[in-house]
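The values are calculated or read from the model by the stated rules, or taken from the named source; none is laboratory data. Predicted model only: the values in this text are computed from it and were never measured. Reconstructed Cβ throughout: ideal geometry from the backbone, glycine too, with neighbour counts over all protein chains shown.
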4 protein chains.
Amino acid sequence: MCRIRGENLLVKAAVMNGPFKPIEIRDFPVPKLEHGAILLKTIASEICGTDLHLFKGHLPEVPYPIIPGHVSVGIVESINGEVIDLTGKTIDKGDTITFLDVNETCNNCWYCLVAKTPTKCPHRKVYGITYSAKKPPHLLGGWAEHIYLKPGVKIIKIHDDIEPLSFMAGGCALPTAIHAIDKANIRFGDTIAIQGCGPVGLWLTVIAKFSGAFKVILLGSPSLRLEFGKKIGSDLTIDIKDLRPKERVNKILDMSEGRGADVTIEATGTPNAILEGLEMTRDGGKYIILGQYTNVGDVEINPHVHINKKHLEIKGVWGTDFSHLYRAVDFLSIIQKRIPLDEFITNICSIEDAQKNLEAVERLTTIKTIIKP
Amino acid sequence: MCRIRGENLLVKAAVMNGPFKPIEIRDFPVPKLEHGAILLKTIASEICGTDLHLFKGHLPEVPYPIIPGHVSVGIVESINGEVIDLTGKTIDKGDTITFLDVNETCNNCWYCLVAKTPTKCPHRKVYGITYSAKKPPHLLGGWAEHIYLKPGVKIIKIHDDIEPLSFMAGGCALPTAIHAIDKANIRFGDTIAIQGCGPVGLWLTVIAKFSGAFKVILLGSPSLRLEFGKKIGSDLTIDIKDLRPKERVNKILDMSEGRGADVTIEATGTPNAILEGLEMTRDGGKYIILGQYTNVGDVEINPHVHINKKHLEIKGVWGTDFSHLYRAVDFLSIIQKRIPLDEFITNICSIEDAQKNLEAVERLTTIKTIIKP
Amino acid sequence: MCRIRGENLLVKAAVMNGPFKPIEIRDFPVPKLEHGAILLKTIASEICGTDLHLFKGHLPEVPYPIIPGHVSVGIVESINGEVIDLTGKTIDKGDTITFLDVNETCNNCWYCLVAKTPTKCPHRKVYGITYSAKKPPHLLGGWAEHIYLKPGVKIIKIHDDIEPLSFMAGGCALPTAIHAIDKANIRFGDTIAIQGCGPVGLWLTVIAKFSGAFKVILLGSPSLRLEFGKKIGSDLTIDIKDLRPKERVNKILDMSEGRGADVTIEATGTPNAILEGLEMTRDGGKYIILGQYTNVGDVEINPHVHINKKHLEIKGVWGTDFSHLYRAVDFLSIIQKRIPLDEFITNICSIEDAQKNLEAVERLTTIKTIIKP
Amino acid sequence: MCRIRGENLLVKAAVMNGPFKPIEIRDFPVPKLEHGAILLKTIASEICGTDLHLFKGHLPEVPYPIIPGHVSVGIVESINGEVIDLTGKTIDKGDTITFLDVNETCNNCWYCLVAKTPTKCPHRKVYGITYSAKKPPHLLGGWAEHIYLKPGVKIIKIHDDIEPLSFMAGGCALPTAIHAIDKANIRFGDTIAIQGCGPVGLWLTVIAKFSGAFKVILLGSPSLRLEFGKKIGSDLTIDIKDLRPKERVNKILDMSEGRGADVTIEATGTPNAILEGLEMTRDGGKYIILGQYTNVGDVEINPHVHINKKHLEIKGVWGTDFSHLYRAVDFLSIIQKRIPLDEFITNICSIEDAQKNLEAVERLTTIKTIIKP
């Protein structure tokens, strides 16, 4: 798919030059592959809430210009040397693969080796977020015709039984949700409240029901997403436009004999949700805070009422690791028989239309938007 | 020790009639024992921070008038029927015992049986706090010559090798601290920061060092308590009067190669301590909130910075159960060889002097104050 | 349903007088209710593998004669005093209820209070197993027209939306399986091998799939049960009559890229299954031993190969507690929409036919046999 | 320390050519350093039980000839390029360091990334055990004047306040024991039984007491080691030559009100110890199997009596990772003030005397033997 302009092969990409600057469509040269590197022909990447944060400058130390797009799927176009996946199988030209956007986790620092918390490794980089497009190999994000996979990028072959676009139904939301579910450690029989019905909240609905929950309550807006939430398993949906916070909490109490959710998972990005989440969780329950990915403000809580007396357990969840992506790929093969994966993807656009579709993501008129070069 | 006034046997007790009302010294009749009940002759009870909260009306639904004093030690004066301890041994007249102040946990409700969180049982009562002195048997608190142990109160014989007063060095602080240490689940090698150097913070210092911590940092005030903290094991003490919050946090970072404490345990009772505690804990670490026993206000936190990005785990700890008291009794036998238990007790007073000594507890001029009828 | 013989009301029951003695049908007087006791009119009880063990004398210290039948469902016929369930609701005459067969767990001993392992409480009694029918109130097992619920027996109302017989589809197997699943702590994505396809193995299949497992492999015999296993969710069934142990293990390895099951759960009652189970579990995996309910012999293992080098975690699971039964009742309401509950019950018989049906249970020609007085 | 023979610099090493072949003293050329490699001048290495296993051919796939010695300490003699430790500090010539013997854990396979069990990584190599001395760089074991650290070997600087020989008092036993303690997850107040009083059992004694255990019982032989066990903290020592297995178990029961140890840790290398260990652990307790490092036979257990009815948790522990070594280094700085580290080392020998001292290790007449070139 590389085009020729004059004598050069060129790769088209959508570039974010800085906060609130319009997305620019640029051509980059085809990079030379280091030993162990792969050139991927992009099948699809996504526009997600994080890209909106990038556009608004909510994330610190982003090396603009960047090519956004962190979770992507593509076909191996060329490889320099031999590259294997985690089962030891050789990656071949023509394979359909995805890769872990989180890269360069060092396996050599205190966080990696002693704390065993690689998501906090200081050397960690993320495709589509913390790699600059300024210098070669440039193509370190998914909103481009090709993606350059650096040596050591962790790769998973997509199963034959699943369409690459169905994989994108999971996108970055599914591994993120899996990380939260791992932390939630749901007990058989739990009642789960999920705050936020974006792709992460929707996937949490699916996997909470798949992980032993008896009841899942989904709170959010707009109704497009909530309706889809019902279809994929929520037992009750609450439109936050219809009820005030106190009424929302009461609905949860009604569903749980007056106690509150055993586990509440926050996937909103709104600080105020925290207070409400604490209140809708039962005494001795768990509250997983996942959605506060950027700093958009403080929240006032009462440590006696909300934490100490409540005997509560609160867990912040940061990033994902390979185990989450790996299981996401397997899970999609299984769950596609039960839920309509294609309905997660409400919009498919070209690289050129990235800007317009980013705006649609902000207006919440979509569930998932996919870029297909 | 029962006195005779005219024809009646009478028991002297210090009674708290309501918030900010002066402690009253009253005589009560000797109660008739139900089947399974015990009359204890009080050796000692304590005046602790909770009693100050009771005096200031910080706790809801306290059925004043009450006889304060929740953890006590005494000698069995009479028993109606046979009472056994948890090993099946019969309790005899003359035995020196303590008992679990938390009572009537029902073992029959959702919290006891399904959630297995008996500290949140709605039927739970606490000696010295939630039993009124208005009606017979009256004597349901430790600031009295005698204590009435209702049938079913859980009893532990005090080991022969330990002085009853040494047991009071642990008092209610030690089981409370043990509950927090259970929740903290210290990993061999952890650096622990402890906020607050009252009896709970001091015991946390001792048992953190006994539970695999390599470094313990104790923060608080006044110096009397911090000095004792050094004596019983803290590797660094920080007087909060000497340093501003940011400087305190920096001290912790210096002790941990810039990362922060692996586990921070809050034992202050001050909402503002929460923000500081979150900041002094490392990414991926744990924060145990123990000291927010009453509602004394809100605190503003940033859920992105302090929880989500930090990948933090926060646990509120409420109350104690029998396992904590049981191990406290055993622990005192062991630890008395290593630390000077008697120095925990800085003040011993009579029932009549309860009011005066409660005021001293407020001024923080003491470590532990014991009432000895 | 009490019959009158002469002037007395009588209750018919099937009595096991001792190992290998024929089941005797006897009449007992209607017991007088202590305060807090309930007389239940039996709707159904079950004949399970444990009853076969009782018949063969495999269990120690059984106080024959007994009325077998530990998990039962019935209608409240009379109550002496007020009895509440765990939500505080009053139990009324005419309510359809089940009850926890495990009784008299003391909440007062070291196992209950310090170790928090009530299934090992030395005071524990079990309906249908450890209560003798010799003395009044006699009716402490389910193979009878009426069951006497002693004061303190823990009760759950059966949901209106579920047939009492559907509840018996769970019977004692479902709470037992829930206990094992709690211990297994399945991680989202695990491959689970289940040894044994009796009612417990079949329920394990259902709830493993409901608890985050991606693949469930069911091993056992005969084909009647395996076929049903396929219907309720197993991804692969292995008839142990068709393959030798080594071949069975290889099948599991094939399903897991050569590694073995992440979690294997044993529900066979055969010591030899242990060796095979250890071999089919992956390095670093978990092995839950549930089915060795009686002592039927030893097994030779290699601690280096099977445990140490394998970095394996093995957990023995003993008995059930109230939380397991409670969730079983809720679960049946949910799962009845997905699987054919009534097909669990292959045989329904009268009290008089207990003996004949016990023999059928031994021949494994049934899935579940229910006694319906 | 490299010697010159004719024109070549040579490094002396003790080489194990195969099972039961006499240790040979050989000279190797000084290896050329790859980029990222380090040449270490050996201060000390150790002769441990594993070396005896190597000598007897108990371990599979050992690529004889090898230079034994897996945990060592040395001085950096030369470095090719920049090498950093886990805190990001540059390693300099002259630094005293130790290194993780376990190497080439890939951080790229299913065990490393999905199961997060790097000790089961199939690419894992171990200095002194699984590296052959046949090919350059030859020097991949500690019984040599120099050790070649391959690029990526994980390094820790030894604290200034500790003697290199004191570090060897920990040797490979201390990180191994730390791994077991992590798995044991001791609860404050536990009674711990330790089977085996070799260096691992002795270190387990020290760190169990440091990790919240109230009582530690050490079982083993000979008396030399048991006497030292008393000195470093065991509350009771049992010489297995003095008592029969049943009597030993009874001793443990006596120490625990008839229940057995809360946690038993096996560090013997003898299959028969397993049966005894299962019996000395309380119902609902934990049994950590650490010492079955090689296959020296089977053991017959009763799965009903020892696992199922006991409600037991058994954990096999394999190998160590960096977190264990890292904490071992820190721990030695702390514990040297409380216990006589130097008394762990009963024998110090030259490379030439390796054979003789290996035989002494077999006769159990030593605690720890150190090779000092």
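Values computed for the structure shown
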| read-out | value |
| --- | --- |
| Residues satisfying the stated conditions in the range B:274-294, i.e. more than 10 Å from chain A (Cβ to nearest Cβ) and at pLDDT below 95 | none |
| Filtered residues of the range C:188-220 (kept if within 11 Å of chain A (Cβ to nearest Cβ) and within 12 Å of the chain's Cα centre (by Cα)) | none |
| Neighbours by Cβ (under 9 Å, 6+ apart or cross-chain): first from the range A:251-273, within 10 Å of chain B (Cβ to nearest Cβ) and closer than 24 Å to C:TYR326 by Cα; second aromatic (Phe, Trp, Tyr) and crowded, with 21+ Cβ neighbours inside 10 Å | A:GLU257/B:TRP110; A:ARG259/B:TRP110; A:ARG259/B:TYR111 |
| Selection status of B:ASN185, of a type in the set (S, T, N, Q), without any contact (Cβ under 8 Å) to a residue 40 or more places away in the chain and within 14 Å of another protein chain (Cβ to nearest Cβ) | no |
| Cβ-Cβ under 8 Å pairs, at least 6 apart or on other chains, the range B:334-345 side more than 18 Å from B:GLU227 (Cα to Cα), far side at pLDDT below 95 | B:GLN336/B:ILE162; B:GLN336/B:SER166 |
| Any hit, the range C:125-135, residues being closer than 30 Å to C:GLY81 by Cα, buried (at least 24 other Cβ atoms within 10 Å of the Cβ) and free of Cβ contacts under 8 Å to residues at least 60 places away in the same chain | yes |
| Some residue of the range B:153-170 being in contact (Cβ under 8 Å) with a residue 12 or more places away in the chain and on the phi > 0 side of the Ramachandran plot | no |
| Single condition A:THR42 does not satisfy, out of (1) buried (at least 17 other Cβ atoms within 10 Å of the Cβ); (2) polar (S, T, N, Q); (3) within 14 Å of another protein chain (Cβ to nearest Cβ) | (3) |
| Residues (in contact with a His (Cβ under 6 Å, 6 or more places away or on another chain) and among the charged types (D, E, K, R)) located in the range C:270-293 | C:ASP283 |
| Residues satisfying the stated conditions in the range B:136-152, i.e. crowded, with 20+ Cβ neighbours inside 10 Å and either within 14 Å of chain A (Cβ to nearest Cβ) or not hydroxyl-bearing (Ser, Thr, Tyr) (or both) | B:PRO137, B:HIS138, B:LEU139, B:LEU140, B:GLY141, B:GLY142, B:TRP143, B:ALA144, B:GLU145, B:HIS146, B:ILE147, B:LEU149 |
| Unmet requirement for A:LEU86, which otherwise passes all of (1) over 13 Å from A:ILE155 (Cβ atoms); (2) touching a Cys at 6+ places or on another chain (Cβ under 7 Å) | (1) |
| Residue within the range A:105-128 that is in a loop (DSSP other than H, G, I, E, B), within 15 Å of the chain's Cα centre (by Cα) and more than 14 Å from chain B (Cβ to nearest Cβ) present | yes |
| Strands (runs of 3 or more DSSP E) wholly inside the range B:131-217 containing at least 2 residues that are under 30 Å from B:ARG363 (Cα atoms) | B:146-149, B:191-195 |
| Residue count for the range A:357-373, restricted to those that are in contact with a Pro (Cβ under 6 Å, 6 or more places away or on another chain) and basic (Lys, Arg) | 1 |
| Conditions (1) within 14 Å of chain B (Cβ to nearest Cβ); (2) surrounded by 22 or more Cβ atoms within 10 Å (Cβ to Cβ); (3) among the charged types (D, E, K, R): number failed by A:ASP101 | (1) |
| Qualifying positions in the range C:280-297 - part of a loop (DSSP other than H, G, I, E, B) and either in contact with a Pro (Cβ under 8 Å, 6 or more places away or on another chain) or closer than 20 Å to C:LEU253 by Cα (or both) | C:GLN292, C:VAL296, C:GLY297 |
| Residue in the range B:62-81 that is modelled with pLDDT under 95 and not small (Gly, Ala, Ser) present | no |
| Members of the range D:52-110 that are more than 30 Å from A:ASP321 (Cα to Cα) and either outside the structural domain of D:ALA354 (by TED's automatic domain parsing) or acidic (Asp, Glu) (or both) | D:GLU61, D:GLU77, D:ASP92, D:ASP95 |
| Positions within the range C:37-93 being closer than 30 Å to B:CYS121 by Cα, under 18 Å from the mean Cα position of the chain (by Cα) and assigned to a loop (DSSP other than H, G, I, E, B), in sequence order | C:HIS70, C:VAL71 |
| Residues satisfying the stated conditions in the range A:295-322, i.e. more than 7 Å from chain B (Cβ to nearest Cβ) and free of Cβ contacts under 8 Å to residues at least 60 places away in the same chain | A:GLY297, A:HIS306 |
| Residue match in the range A:220-227 (condition: surrounded by fewer than 21 Cβ atoms within 10 Å (Cβ to Cβ), without any contact (Cβ under 8 Å) to a residue 12 or more places away in the chain and not in a strand (DSSP E or B)) | yes |
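Listed here are the residues, each with its yes/no results for (1) in the same structural domain as A:ILE307 (by TED's automatic domain parsing); (2) farther than 16 Å from A:HIS306 by Cα; (3) in contact with a helix residue (DSSP H, G or I) (Cβ under 9 Å, 6 or more places away or on another chain); (4) surrounded by fewer than 21 Cβ atoms within 10 Å (Cβ to Cβ).
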site: A:ILE238; (1), (2), (3), (4): yes, yes, yes, no
site: A:GLU247; (1), (2), (3), (4): yes, yes, no, yes
site: A:ASP262; (1), (2), (3), (4): yes, no, no, no
site: A:ASN272; (1), (2), (3), (4): yes, no, yes, yes
site: A:ARG282; (1), (2), (3), (4): yes, no, yes, no
site: A:LEU290; (1), (2), (3), (4): yes, yes, yes, no
